[in-house]
Amino acid sequence: MKPPSKSDYLRLIQPVIQGGPAAILKAEGFAGGSLSFVRSIGDVNQEVEFGLFVRPKHARDSAQLVLNTHISPTGVTEIYREMLPSDPEPLDSCRISAPLESIARERVSVWLFKDEVSAASLEDNVLRAVSNSVLPYLEGASSADGLFAMCRDGVQKAASVLGYSAGNRATLGAALAVSIGKVSEALDLVRLAYSENPNLRAQYDSVFSFLEGLQKA
């Protein structure tokens with residue numbers, strides 16, 4: 001007997017997503033199709049995206065439903081590009097993606113299903129995750145100020161453990177800070193992230209030059 005395809009599993013789970021979860025998201029201003037829901041708040045675009053892993057290693061007879069969030073503060077892309085002209089993909093770099101597991105406010109179980117009954121049984125779990133974790137997280141990330149605070153918290157957490165924070169999150173946070181007139185806080189953030197690591201300090205030298213120039217102006 002031929003195993004179910006991804007399309008087969010999709011047909012099972014779509015009614016679940018299009019029920020209560022879709023209603024809650026649409027009540028909060030999201031519009032969407034079968035697995036993806038989007039909204040814009042000012043210059044901040046947000047997406048709640050459901051996905052499927054078919055026959056994962058831990059459950060060969062099932063599919064796993066997953067949930068990811070994506071946030072794109074489009075209003076800071078030009079600032080980011082000026083700060084870090086060496087980045088070939090500034091639009092992608094200004095996108096903050098997070099799976100449910102990293103933003104959940106309560107323990108999240110693995111969402112497995114293999115038939116209509118097991119798919120339907122997931123609806124309460126999905127509803128709870130959307131209401132209690134996803135929407136509060138996105139509400140806090142609906143403005144440049146909120147996103148800057150999110151970036152700063154992540155950088156501070158990494159720096160407290162490693163002494164630095166690799167990656168572009170500090171640069172994105174700095175661009176957000178500049179967009180709301182917080183140049184000094186932007187500079188403090190990149191210093192915290194990169195100054196103690198010579199390689200990072202060199203890699204992000206243009207960010208320091210940009211911010212130091214703004215501060216002197």
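The values are calculated or read from the model by the stated rules, or taken from the named source; none is laboratory data. Predicted model only: the values in this text are computed from it and were never measured. For neighbour counting, all protein chains shown are included, and Cβ atoms are generated from backbone atoms with ideal geometry for every residue, glycine included. Keep in mind that these areas ignore ligands, DNA and RNA; they rest on the heavy atoms of the full protein, side chains included. Shrake-Rupley method; radii C 1.70, N 1.55, O 1.52, S 1.80 Å.
Figures for the structure shown
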quantity	calculated
Pair list, Cβ < 8 Å and 6+ apart or interchain, from region 186-214 residues that are without any contact (Cβ under 8 Å) to a residue 24 or more places away in the chain to residues that are among the small types (Gly, Ala, Ser) and in a helix (DSSP H, G or I)	VAL190/ALA170; VAL190/ALA174
Answer residue from region 42-51, given it is touching a helix residue (DSSP H, G or I) at 6+ places or on another chain (Cβ under 9 Å) and modelled with pLDDT of 95 or more and is most open to solvent (accessible area, probe 1.4 Å) among those	ASN45
Residue match in region 110-133 (condition: open to solvent by 20 Å² or more (accessible area, probe 1.4 Å), in contact with a Lys or Arg (Cβ under 7 Å, 6 or more places away or on another chain) and within 30 Å of LEU176 (Cβ to Cβ))	yes
Those residues of region 48-72 which are part of a loop (DSSP other than H, G, I, E, B), of a type in the set (D, E, K, R) and touching a strand residue (DSSP E or B) at 6+ places or on another chain (Cβ under 8 Å), in sequence order	ARG55
Only listed residue being more than 30 Å from LYS6 (Cα to Cα) and either in contact with a Cys (Cβ under 8 Å, 6 or more places away or on another chain) or touching a residue at least 12 places away in the same chain (Cβ under 8 Å) (or both), chosen from VAL161, VAL110, VAL155	VAL155
Region 74-119: number of residues that are of a type in the set (Asp, Glu) and over 30 Å from PHE210 (Cα atoms)	4
Selected residue (criterion: surrounded by the fewest Cβ atoms within 10 Å (Cβ to Cβ)) from residues of region 1-14 that are touching a residue at least 40 places away in the same chain (Cβ under 8 Å) and in a helix (DSSP H, G or I)	LYS6
Residue satisfying all of: in region 64-76; among the β-branched types (Val, Ile, Thr) and either more than 20 Å from the chain's Cα centre (by Cα) or at pLDDT 95 or above (or both); most open to solvent (accessible area, probe 1.4 Å) among these	VAL66
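Yes or no, residue by residue, for (1) charged (D, E, K, R); (2) under 22 Å from the mean Cα position of the chain (by Cα); (3) closer than 23 Å to LEU147 by Cβ; (4) modelled with pLDDT of 95 or more:
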site: SER5; (1), (2), (3), (4): no, no, no, no
site: ILE24; (1), (2), (3), (4): no, yes, yes, yes
site: PHE30; (1), (2), (3), (4): no, yes, yes, yes
site: SER34; (1), (2), (3), (4): no, yes, no, no
site: PHE53; (1), (2), (3), (4): no, yes, no, no
site: ILE79; (1), (2), (3), (4): no, yes, yes, yes
site: ASP87; (1), (2), (3), (4): yes, yes, yes, yes
site: ARG95; (1), (2), (3), (4): yes, yes, yes, yes
